[in-house]
Amino acid sequence: MRRRTFLRAVGAGGVAGLAGCTGGGGGSDGDDAGTDASTADEGGGTAAATTTGTTAVPTPELVVSTYGAFVDAPSTSPGPWIKETFESEFDATLRFATPDSEINYYVERAGRNVDIDADVYVGLSVDALVRIDERLDGGLFTPVEGLAGQDDVNADLEFDPDGRAVPFDTGYVSLVYDETHGAYGDFSAPETFEGLLDPEYEGDLLAQNPTSSTTGRSFLLHTIKRFGEDGYLDYWADLQDNGVRVLDEWSSSYTAYSEGEAPMVVSYSTDQVYASRSDEDLARHRIRFLNDQGYANPEGMAIFEDADDPELARSFLEFVLRPDVQGEIAQRNVAFPATSTADLPESFATYAKEPPEGVTFTYDALRDGLSTWTEAWARQFASK
């Protein structure tokens, strides 16, 4: 029996004793899953004895696992708003879990037959789904269909042939560059991938490691789209010769860019959405789509097979697909909505840049090639 299921089952006396020990009856196991769940004062997930000695029905708890920035990014995050709004409309407590290794945490637990202890995962990418299916014989998530609002999802963003992951937003990987860079303050990023190899851009690009960063993996895949399986490693060798700097994660590379360490960084075409809200100089947040393309990186949400309350989990997915919630997530997560019905202010379109052409790899193509491509890149990059 899963631990939080056990807590619900032990009855009033047992839970009251636990509450006395923990100073409020919080539901966290104290592991790496961060929690902001409310305590028992508003029925937040603990059972209580009634005046007649019977046990009241506990408030259901929905555990939604996601990446840390979805909940507590340095800039803005949709998580707190989602929690507050969901709990105001549903008789349930929503608790976010943010394990350091994100989805890999659950892949490891499933591989060891350890309880998952979460209901929903928010933030799946197609390449993450490929890695899950490569490592696990059984499924980690259950297929979903017939959700309210599911028909409003842009069909081009669907990436799971088995119907487990439902897209909730997307971003386009592009270059962000600082137009004010240089002695004359007139820097301009190249217009093509080949242009990045020009000696005038030596040492000017910050990128991310595709073996540890979703953003970096998307950029690598875009180079494979451009140069093919037989040409992308030669292109990366030329990038290295021209001084590309590859950091482990998007956050570290973007921080380096913000601190003026280089005038270009691989990032997202919604960069100006946040910059405009922060009254930053938009000249330092210009967008360049190399070869007039942006690599589409949709994010999905899915229900774990062992979810305690599958119906509540479905309600959460439907909640996320509502027009008002889609609009809030897009603005707070600085991304594009997944549906055609999202409520967005007119100013959003001014600062969120869409490429002339969006490109991506299908699930099937990545399942056949992703591991081979990233491993070959890692070997070559380490050898130079």
Please state which of the following conditions Leu206 fails to meet, knowing it meets all the rest: (1) touching a Leu at 6+ places or on another chain (Cβ under 9 Å); (2) free of Cβ contacts under 8 Å to residues at least 60 places away in the same chain.
(2)
Could you list, in sequence order, all residues of the stretch 243-284 that are under 18 Å from Glu354 (Cα atoms) and not hydrophobic (A, V, I, L, M, F, W, C)?
Ser267, Tyr268, Ser269, Thr270, Asp271, Gln272, Tyr274, Ser276
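Of the residues Asp198, Asp162, which is out of contact with any helix residue (DSSP H, G or I) (no Cβ under 9 Å at 6 or more places or on another chain), more than 19 Å from Glu354 (Cα to Cα) and of a type outside the set (Gly, Ala, Ser)? Quick ask: steps written out before the conclusion?
Values: Asp162 fails: out of contact with any helix residue (DSSP H, G or I) (no Cβ under 9 Å at 6 or more places or on another chain).
Exactly one residue qualifies, and that residue is Asp198.
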Inter-residue pairs, beta-carbon under 6 Å, first in contact (Cβ under 8 Å) with a residue 60 or more places away in the chain and in the stretch 125-144, second charged (D, E, K, R) and assigned to a helix (DSSP H, G or I), 6+ apart
Asp127/Arg217; Val130/Arg367
Taking interchain pairs and intrachain pairs at least six residues apart, which have beta carbon atoms under 6 angstrom, with the first residue in the stretch 149-161 and hydroxyl-bearing (Ser, Thr, Tyr) and the second in a loop (DSSP other than H, G, I, E, B) and modelled with pLDDT of 95 or more?
none
Can you find a residue in the stretch 330-338 that is surrounded by fewer than 17 Cβ atoms within 10 Å (Cβ to Cβ) and on the phi < 0 side of the Ramachandran plot?
no
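Check the stretch 299-313 and report whether any residue there is in a strand (DSSP E or B), among the aromatic types (Phe, Trp, Tyr) and modelled with pLDDT of 95 or more. Working first, answer last.
Here is the first cut: in the stretch 299-313, the ones in a strand (DSSP E or B) are 299-304.
If we keep only those that are among the aromatic types (Phe, Trp, Tyr) too, we end up with 304.
After this cut, where a residue has to be modelled with pLDDT of 95 or more as well, the list is 304.
There is at least one residue in the stretch 299-313 that is in a strand (DSSP E or B), among the aromatic types (Phe, Trp, Tyr) and modelled with pLDDT of 95 or more.
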Might you check whether a residue that is modelled with pLDDT under 95, part of a loop (DSSP other than H, G, I, E, B) and exposed (fewer than 14 other Cβ atoms within 10 Å of the Cβ) occurs anywhere in the stretch 242-251?
yes
Among the residues of the stretch 53-72, which ones are closer than 16 Å to Leu321 by Cβ and either part of a loop (DSSP other than H, G, I, E, B) or of a type in the set (D, E, K, R) (or both)?
none
Of the criteria (1) crowded, with 23+ Cβ neighbours inside 10 Å; (2) in the same structural domain as Ala97 (by TED's automatic domain parsing); (3) not basic (Lys, Arg), which one Asp324 fails:
(1)
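Within the stretch 73-103, count every residue that is without any contact (Cβ under 8 Å) to a residue 24 or more places away in the chain and either touching a Cys at 6+ places or on another chain (Cβ under 8 Å) or not in a loop (DSSP other than H, G, I, E, B) (or both).
3
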Enumerate the pairs (first residue in the stretch 342-354 and under 16 Å from Gly294 (Cα atoms) and in contact (Cβ under 8 Å) with a residue 24 or more places away in the chain; second residue anywhere and aliphatic (A, V, I, L, M) and surrounded by 14 or more Cβ atoms within 10 Å (Cβ to Cβ)) with beta-carbon separation below 6 Å, excluding pairs fewer than 6 apart on the same chain, so at least 6 apart or on different chains.
Tyr351/Val273; Ala352/Val273; Lys353/Ile287
Looking at (1) crowded, with 23+ Cβ neighbours inside 10 Å; (2) free of Cβ contacts under 8 Å to residues at least 60 places away in the same chain, which one does Tyr121 not meet, given that it meets all the others?
(2)
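Please indicate, with yes or no, whether at least one residue in the stretch 332-346 is hydroxyl-bearing (Ser, Thr, Tyr) and closer than 22 Å to Ser213 by Cα. Even if it seems obvious, please write down each step before you answer.
Looking only at the stretch 332-346, we keep the residues that are hydroxyl-bearing (Ser, Thr, Tyr), and these are 339-341.
Now drop any that are not closer than 22 Å to Ser213 by Cα, which leaves none.
The answer is no, given that none of the residues of the stretch 332-346 is hydroxyl-bearing (Ser, Thr, Tyr) and closer than 22 Å to Ser213 by Cα.
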Among (1) part of a helix (DSSP H, G or I); (2) modelled with pLDDT of 90 or more, where does Asp41 come up short?
(2)
Of everything in the stretch 356-374, what is in a helix (DSSP H, G or I) and either among the basic types (Lys, Arg) or in contact (Cβ under 8 Å) with a residue 12 or more places away in the chain (or both)? Give them in sequence order.
Tyr363, Asp364, Leu366, Arg367, Gly369, Leu370, Ser371, Trp373, Thr374
Tell me which residues, restricted to the stretch 118-137, are part of a loop (DSSP other than H, G, I, E, B) and modelled with pLDDT of 95 or more.
Ala118, Asp119
Starting from the stretch 167-179, take each residue that is farther than 30 Å from Ala148 by Cβ and list its partners that are buried (at least 24 other Cβ atoms within 10 Å of the Cβ) and of a type in the set (Asp, Glu), counting only C-beta distances under 7 angstrom and pairs at least six apart or across chains.
Val176/Asp271
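Mind listing whichever residues of the stretch 221-237 are out of contact with any helix residue (DSSP H, G or I) (no Cβ under 6 Å at 6 or more places or on another chain) and within 21 Å of Asp248 (Cβ to Cβ)? Walk me through how you get there before you give the answer.
So in the stretch 221-237, the residues out of contact with any helix residue (DSSP H, G or I) (no Cβ under 6 Å at 6 or more places or on another chain) come out as 221-222, 225-226, 228-231, 234, 236-237.
Matches in the stretch 221-237: Leu221, His222, Trp236, Ala237.
The values are calculated or read from the model by the stated rules, or taken from the named source; none is laboratory data. Owing to the predicted nature of the structure, the values given are computational and were not obtained by experimental measurement. Reconstructed Cβ throughout: ideal geometry from the backbone, glycine too, with neighbour counts over all protein chains shown.
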